[in-house]
Amino acid sequence: MEWRPDMPDITIAIDGFSSCGKSTFAREIAAYMGYRFIDTGAMYRAVTLFAMRRGAVGMGRVDAAALVAMLDEMEIDFRFNPSRGASDIYLCGEMVEGAIRTIEVSNCVSEVSSIPEVRTKLVALQQQMGRKSGVVMDGRDIGTVVFPHAELKIFMTAEMSVRVERRYLELRGRGEEVSREQIERNIRERDIADQRRAVSPLRRADDALLLDNSCMTLARQMEWFRERLCELK
Ligand code: DC
């Protein structure tokens, strides 16, 4: 069966390790399907930036109790940016797309995302944002916790050297002074933290399709996606 634009909307959950190109792939799928795209990693990064700005991070350590006490004052939303043709993330009314992608935020985000109250708040927000089908959401727990009944689940992985190079080019492209060694250390630490945390650890849902995109261009990944879409009943 061939997928057609008049078919009923579905929910697409994309999970996997950091720097595997999840968001790039998810954004491309959303454009192809005419769906909304929600980058949940950006939401955890925005909470981390909020904690840093409000003094709940000191010497690289997160004061979980202080952050939890301020969570009600935190507002996160996405607003469509016509010039980019994509949504930007806003923290308490300020556009923070660039500010959330620094290495300082990356270094603290795993700790922030392991705080149960943070996850409860963001999962509820994600479920609210995706309550209408026609959405592509990427993260670590979308197919297992946020949308366990998603019609299509994809779990992404790639070789470490490929992941490091992608993140290196991305950060360098934004003018950040960072080495490949720093990036690899950060990615390895986040892999361990993401898989070992007590609440919603990163794991492949039993019904998620595995995609290793180490040697695949985005165009080839889209071909793979269209094939999988045609297989949906
Ligand atoms: O996708 P990313 O690298 O921008 O995500 C940033 C961090 O947020 C990542 O280290 C793990 C965390 N995260 C999470 O715990 N759950 C999600 N659904 C998405 C991200």
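The values are calculated or read from the model by the stated rules, or taken from the named source; none is laboratory data. What you see is a predicted model; the values in this text were computed from it and never measured. Here the Cβ positions follow ideal geometry from the backbone for every residue, glycine too, while neighbour counts run over all protein chains shown. Only protein heavy atoms, including side chains, enter the accessible area calculation; ligands, DNA and RNA are left aside. Shrake-Rupley method; radii C 1.70, N 1.55, O 1.52, S 1.80 Å.
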Point to revise | Sequence-distant aspartates and glutamates (8 or more away, or on other chains) whose Cα lies within less than 12 Å of K22 | key: D39, D138, D212
Review point. Going by alpha carbons, how many degrees (0 to 90, nearest 10) lie between the helix axis of 180-196 and the longest principal axis of the chain?
Key: 80 degrees
Check your understanding: Once amide H atoms are built 1.01 Å from N in the peptide plane, which residues 5 or more positions from L152, or in another chain, come under 5 Å H to H?
Key -> T11, A13
Study note, to complete from the structure: Once all protein chains are kept in place, L49 shows an accessible area at probe 1.4 Å, nearest 10 Å², of 10 Å²
Point to revise | Gaussian network model of the chain, Cα within-10 Å springs - most flexible of G41, G60, G134 | key: G60
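Sorted by mean Cβ packing within 10 Å, highest first, what order do the peptides 183-189, 136-142 take? The partial results should precede the final answer.
Working: 183-189: 17.3, 136-142: 27.6.
Ranking the peptides 183-189, 136-142 by packing returns 136-142, 183-189.
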Review point. For the chain, what is the mean residue ellipticity at 222 nm derived from helices alone (per DSSP H run of n ≥ 4: -39500 (n - 2.57); sum divided by total residues; nearest 500 deg cm²/dmol)?
Key: -14000 deg cm²/dmol
**Study point:** In sequence order, calculated HN-Hα J values of the stretch 101-115 (Karplus, 6.51, -1.76, 1.60; Hz; x Gly/Pro)
**Key:** 9, 7, 5, 4, 5, 4, 5, 10, 5, 5, 5, 5, 6, 8, 7
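Please compute the contact order of the stretch 62-153 in relative form: average sequence separation of alpha-carbon pairs under 8 Å and at least six residues apart, divided by the residue count, as a percent. It would help to have the intermediate numbers written out before the result.
Details: 53 pairs, mean separation 17.0, N = 92.
Relative CO of the stretch 62-153 lands at 18 percent.
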Revision key, fill the gap. Once phi for every residue in the stretch 52-69 is put through the Karplus expression 6.51 cos²θ - 1.76 cosθ + 1.60 (θ = phi - 60°), the whole-Hz ³J(HN,Hα) values, with Gly and Pro written as x, are 5, 6, 8, x, 9, 10, x, 6, x, 9, 9, 8, 4, 4, 5, 5, 4, 5
Review point. With the contact rule set at Cα under 8 Å and sequence spacing of 6 or more, what percent relative contact order holds for the chain?
Key: 33 percent
Study note, to complete from the structure: For the chain, the percent of all C-alpha pairs falling in each 5 Å bin, from 0 up to the bin holding the max distance, is 1, 6, 14, 19, 21, 18, 12, 6, 2, 1, 0, 0
Revision key, fill the gap. Taking only C-alpha positions in the stretch 110-212, Rg and Dmax in angstrom work out to 15.3, 42
Check your understanding: Can you list residues whose amide H is under 5 Å from A86's amide H, if they're 5+ apart or on another chain and H is modeled 1.01 Å from N?
Key -> N81
Review point. What aspartates and glutamates sit close enough to K132 to cross-link, taking a C-alpha to C-alpha distance under 14 Å and skipping anything fewer than 8 places away on the same chain?
Key: D9, E151
Review point. Who wins for biggest fluctuation among F17, F80, F155 in a Gaussian network model of the chain, springs between alpha carbons below 10 Å?
Key: F80
Study note, to complete from the structure: Scalar couplings 3J(HN,Hα) for the stretch 6-11 by Karplus 6.51 cos²θ - 1.76 cosθ + 1.60 (θ = phi - 60°), nearest whole Hz, x for Gly and Pro, are 8, 6, x, 5, 10, 10
Study note, to complete from the structure: Mean-square fluctuation maximum in Gaussian network of the chain, Cα pairs under 10 Å, restricted to V47, V199, V146, hits V199
